[in-house]
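Below is one structure; the comments refer to it alone.
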Amino acid sequence: MHRLVRGGDGGPDAKEAAQAQALAALLAAALGPVLPAALATATTWRALFGLDVVLAAVTAAAVWRTLPPARRMVGRISVLVRDALMAFVAAAAVATLFFSVIEGARLDAGAVPIVAVAVGALGLLATLAVVDARRHRPLVPLRLLRRRRFVAGNIVRGLTEFASLGVFLPLSGYLQDEVGHSPLIAGLLLMPIILGALFTAPVAEKYAGRVHVVWFLVPGLVCTAAGVVWLAHIAPGMPWWFVLAPLAVVGAGIGAVESPAEAVVASDTPAGADEAAWPLGRIFYLLGIGSGVAVVSAVWQAGGVHTASGVNSALGVCAVAALVGAAIAAAGTVGPSRAPS
């Protein structure tokens with residue numbers, strides 16, 4: 001059996017960095033539904049945008065302070081400006097694509113304009129990819145997409161984010177608008193998804209390097225889908241405790257996937273290519289989040305944001321995403337990658 005490692009050969013520094021990143025992600029996941037909800041309850045939901053600005057400013061200041069060499073790259077200003085411009089255009093294209101998916105039907109723009117905008121955004125992204133690939137040091141190393149397990153692991157991570165963020169969106173809205181809970185109570189009711197992950201994530205982290213990752217990825221994603229299907233039986237008059245058990249099942253499935261998915265990506269990353277592989281993996285991760293919010297929002301609106309059937313339809317999309325991830329994990333993570341290093 002092909003040996004899968006948990007995280008490359010970066011030594012103790014890389015291990016400490018991975019642990020710090022995992023801790024930060026856990027804290028963000030645990031506090032994310034609660035702190036913004038508390039702020040929205042105490043003030044207004046518009047205050048959340050101000051919170052985002054503050055957090056972005058603090059993060060930028062921390063990066064500026066901890067990466068002093070970046071402030072002395074005077075000779076590479078033109079390269080930095082070009083990279084920043086490409087990143088900005090790509091982000092704008094992705095935002096336009098997601099906006100067309102989310103708001104197209106609500107704005108009653110018609111199918112032709114929506115499709116035209118989506119095709120234009122995708123065409124711009126393809127053009128940027130071609131231009132970047134011809135550079136001596138591309139921003140995104142597309143050559144890694146020839147590695148089957150690398151791609152499969154990243155797609156699984158993206159679909160996991162798709163499912164998890166997709167669950168939060170319609171369910172939190174329904175708990176507030178239809179059941180009548182405050183944002184804070186709704187955020188607390190969503191916490192079982194974090195608690196479920198806390199039980200399975202340490203087990204997956206410990207054993208991801210000892211058994212083949214497929215034994216975590218497939219059951220974990222099937223468990224996620226099962227929990228979402230259970231959850232997608234929202235009905236008028238639903239008691240508040242109905243969501244607790246299925247959310248815990250969803251969280252348990254997600255917790256079993258994260259570390260093994262990272263392990264399969266790391267195991268199929270060529271030696272010395274960790275720095276180049278990181279931005280590509282991050283793109284899969286962020287696209288999973290963005291597409292989950294966009295697609296689930298579109299389905300939710302089409303089914304009726306104030307109806308139980310609309311919420312259930314939106315949750316069903318998350319279940320499908322998890323099952324697609326399970327299929328990709330089963331087909332894409334077994335066997336050698338058969339790609340050149």
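The values are calculated or read from the model by the stated rules, or taken from the named source; none is laboratory data. Everything quoted here is computed from the prediction, not taken from an experiment. A quick note on method: Cβ atoms are made from the backbone with ideal geometry, for glycine too, and the neighbour counts reach across all protein chains shown. Only protein heavy atoms, including side chains, enter the accessible area calculation; ligands, DNA and RNA are left aside. Shrake-Rupley method; radii C 1.70, N 1.55, O 1.52, S 1.80 Å.
Odds and ends about this structure:
- There is no residue in the range 222-230 that is modelled with pLDDT under 95 and either of a type in the set (Val, Ile, Thr) or under 22 Å from residue 174 (Cβ atoms) (or both).
- Only one entry of 287, 244 meets the criterion of being open to solvent by 10 Å² or more (accessible area, probe 1.4 Å), among the aliphatic types (A, V, I, L, M), touching a residue at least 24 places away in the same chain (Cβ under 8 Å) and more than 24 Å from residue 152 (Cα to Cα), and that entry is 244.
- Residues of the range 270-306 that turn out to be among the small types (Gly, Ala, Ser) and in a loop (DSSP other than H, G, I, E, B), as a count: 4
- One residue from 178, 205 being open to solvent by 40 Å² or more (accessible area, probe 1.4 Å) and more than 30 Å from residue 307 (Cβ to Cβ): 205
- So residue 117, is it assigned to a helix (DSSP H, G or I), over 20 Å from the mean Cα position of the chain (by Cα) and of a type in the set (Val, Ile, Thr): yes
- Residue list for the range 156-175, restricted to those being among the aliphatic types (A, V, I, L, M) and buried (at least 21 other Cβ atoms within 10 Å of the Cβ): 156, 159, 163, 167, 171, 175
- Selection over the range 210-221 of residues that are β-branched (Val, Ile, Thr), surrounded by fewer than 17 Cβ atoms within 10 Å (Cβ to Cβ) and either touching a strand residue (DSSP E or B) at 6+ places or on another chain (Cβ under 6 Å) or in a helix (DSSP H, G or I) (or both) gives a count of 0.
- When the range 35-54 is limited to residues that are assigned to a helix (DSSP H, G or I) and within 18 Å of residue 177 (Cβ to Cβ), the one that is most open to solvent (accessible area, probe 1.4 Å) turns out to be 41.
- Selection from the range 305-318 of residues that are closer than 15 Å to residue 224 by Cα, surrounded by fewer than 24 Cβ atoms within 10 Å (Cβ to Cβ) and of a type in the set (A, V, I, L, M, F, W, C): 317
- Residue selected from the range 78-130 under the condition exposed (fewer than 12 other Cβ atoms within 10 Å of the Cβ) and at pLDDT 80 or above, by the criterion nearest to residue 298 (Cα to Cα): 91
- Some residue of the range 329-341 being polar (S, T, N, Q), touching an Asp or Glu at 6+ places or on another chain (Cβ under 6 Å) and part of a loop (DSSP other than H, G, I, E, B): yes
- The number of residues in the range 230-241 being in a helix (DSSP H, G or I) and either open to solvent by less than 20 Å² (accessible area, probe 1.4 Å) or over 27 Å from residue 327 (Cα atoms) (or both) comes to 3.
- With respect to (1) under 26 Å from residue 157 (Cβ atoms); (2) modelled with pLDDT of 75 or more, the lone exception for residue 9 is condition (2).
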